[in-house]
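The values are calculated or read from the model by the stated rules, or taken from the named source; none is laboratory data. The structure presented is a predicted model; accordingly, all values stated were derived computationally and were not measured. All Cβ positions, even for glycine, are placed from backbone atoms using ideal geometry, and neighbour counts span all protein chains on display. Areas reflect the complete protein model, heavy atoms only, side chains present, ligands, DNA and RNA absent. Shrake-Rupley method; radii C 1.70, N 1.55, O 1.52, S 1.80 Å.
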Amino acid sequence: MCHALDDIEFLVASNHRVGVLEALSERPRDRNDLREATGASSPTMGRVLGDFQDRHWIEREGRTYRLTALGEFVADRLAAFVDSMAAERRLREVWPWLPHDAPGFSLELVVDAEVSYPGPGYPYEPIERDRQLLEAAERIRGFGMAMVKSSALEAYFDRILDGLECEFIYPPEVFEALLAWNAETIAEAVARDNYAVLLSEKLPNSEWCGICLSDERLSICCFEPDTGALRAIVDTDDPEACGWGESIYERYRARARPLEEADDLVSTGSPP
């Protein structure tokens with residue numbers, strides 16, 4: 001392990017070494033091409049190429065350098081590791097809100113997902129992503145708190161009243177919050193054939209996470225438990241991830257109970 005770590009340190013401690021390896025993984029190049037691609041000085045490039053030749057990572061044909069099979073092996077593994085660490089960085093900020101306990105969930109399902117969360121000085125990225133997904137969707141199914149406590153709430157029900165096909169499983173307390181927001185609008189939406197409401201007290205991570213299937217895309221909506229604020233959206237069109245989301249949705253749909261008529265709905269909420 002120590003020798004392997006030494007070799008890793010040798011490679012990643014120099015941007016020029018990494019740059020040469022990446023450049024040669026694209027195609028064979030001469031020294032001038034490599035200097036231009038990496039920004040390395042001539043003496044630095046000479047040292048890098050000498051070190052790589054000593055390790056049998058590259059070979060020279062005239063003025064051109066190319067990776068050996070051993071060099072290709074190193075370049076491929078380095079690229080995979082860099083991709084993995086880039087994915088880890090994207091997911092690091094939202095890791096606490098992901099549905100770790102949901103059956104079948106794994107990191108591989110979201111490793112290539114788009115992650116939207118508030119950045120420095122700009123807290124609205126997840127809300128904007130929420131709206132983009134809503135505007136693009138023709139059909140939505142989901143459960144939990146997704147689409148409920150974001151500023152997209154009014155736009156969400158405007159889409160439903162405009163014909164968006166939607167089926168959603170809510171914890172009762174979340175649906176009560178919708179009633180408190182606008183019981184008349186909720187009653188009007190429930191009366192439409194395109195909006196189906198189901199209720200369930202037994203949803204996974206329902207206090208901080210919602211799952212939504214919009215057309216052929218899976219979204220995991222992450223909420224702050226104490227405030228209900230939308231913290232992030234993790235979304236992907238990966239077929240395996242969407243298949244997992246579909247299976248989870250059907251699992252909890254089978255246990256949910258349908259909401260009754262709109263008149264009963266309004267009577268259970270705050271007086272209009």
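What the table shows:
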item	result
Cβ pairs under 6 Å, 6+ apart, first in the stretch 176-193 and within 14 Å of Leu259 (Cβ to Cβ) and of a type in the set (Gly, Ala, Ser), second open to solvent by less than 20 Å² (accessible area, probe 1.4 Å) and at pLDDT 90 or above	Ala189/Phe157; Ala189/Ile160; Ala189/Tyr195
Within the stretch 106-116, tally of residues that are part of a loop (DSSP other than H, G, I, E, B) and buried (at least 20 other Cβ atoms within 10 Å of the Cβ)	2
Hey, Ser84 of a type in the set (Ser, Thr, Tyr) and over 30 Å from Ala113 (Cβ atoms) or not	no
Criterion (open to solvent by less than 70 Å² (accessible area, probe 1.4 Å) and aliphatic (A, V, I, L, M)) met by exactly one of Ala13, Ala4, Ala69	Ala4
Residue that is farthest from the chain's Cα centre (by Cα) [pool: residues in the stretch 160-173 that are under 12 Å from Val197 (Cα atoms) and open to solvent by 10 Å² or more (accessible area, probe 1.4 Å)]	Pro172
Residue check for Glu88: out of contact with any Pro (no Cβ under 9 Å at 6 or more places or on another chain) and open to solvent by 90 Å² or more (accessible area, probe 1.4 Å)	no
Condition met for Glu59 (part of a strand (DSSP E or B), modelled with pLDDT of 95 or more and surrounded by fewer than 17 Cβ atoms within 10 Å (Cβ to Cβ))	yes
Residues that are under 12 Å from the mean Cα position of the chain (by Cα), in contact (Cβ under 8 Å) with a residue 60 or more places away in the chain and in a helix (DSSP H, G or I), drawn from the stretch 74-96	Leu91
The stretch 135-182: number of residues that are among the aliphatic types (A, V, I, L, M) and modelled with pLDDT under 90	12
Qualifying residues in the stretch 187-210 (those that are part of a strand (DSSP E or B) and at pLDDT below 90) - the one farthest from Gly245 (Cα to Cα)	Cys209
Condition broken by Arg66, with the remaining ones in (1) assigned to a strand (DSSP E or B); (2) touching a Gly at 6+ places or on another chain (Cβ under 7 Å) satisfied	(2)
Selection from the stretch 151-186 of residues that are assigned to a helix (DSSP H, G or I) and of a type outside the set (A, V, I, L, M, F, W, C)	Glu154, Tyr156, Asp158, Arg159, Pro172, Glu173, Glu176, Asn182, Glu184, Thr185
